[in-house]
Amino acid sequence: MRLTTKGRFAVTAMLDLALRHQRGPVTLAGIGQRQSISLSYLEQLFGKLRRHALVESVRGPGGGYRLARPTEKVSVADIVLAVDEPLDATQCSGMENCQDDKRCMTHNLWATLNEKLYEYLSSVTLQDLVNEQLAKDGNVSLLVDRRRAAARKSVSLPV
């Protein structure tokens, strides 16, 4: 399973926005500078995030972007899927007949991994990431028990 740069940068940019959104709209230039992501790349990502109603743009002086939903209502899966990142470990592009006219021998294994990965990324909210970042900075106690439990559950694959 590989998560591309597009999905990783989108999550990073949304976390940066979430950490600063209470101060007003956040500029893409500011996010780009803090996270070392090019402005043109951020513009592409935020266009997709806006179309999926995860962010709103604010025009004019002092404009930028703000969150369209509360952080606890946005999952990492929402962000990754919004920037068109399919979570597909099968490498079969969603096809059932990935080897001639039948499934490849390991198709079910990778399809189950897709489900578990999606389940895990759906269980992690933007608020969880904000809490983790603030705790790292010593501002908030870290609430990781739920995430660790979800990770343990998600890793157990049926045989």
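Structure values in brief
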read-out	value
Distance-filtered residues of region 1-31 - backbone nitrogen under 13 Å, label point 7 angstrom along residue 52 Cα→Cβ	4, 6-15
J(HN,Hα) series, region 47-56, from Karplus relation 6.51 cos²θ - 1.76 cosθ + 1.60, nearest Hz, glycine and proline x	x, 5, 5, 5, 4, 9, 6, 9, 9, 10
Qualifying lysines (Cα of each under 28 Å from Cα of residue 136; at least 8 residues distant if same chain)	6, 73, 116, 153
Mean Cβ count within 10 Å, highest first, over the residues of peptides 37-45, 54-62	37-45, 54-62
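A short reminder: the numbers here are calculations on the coordinates, not readings from a lab. This one's a predicted model, so the numbers in the text were calculated from it and none came from an experiment. Heads up, the Cβs are rebuilt from the backbone with ideal geometry, glycines too, and the neighbour counts pull from every protein chain shown.
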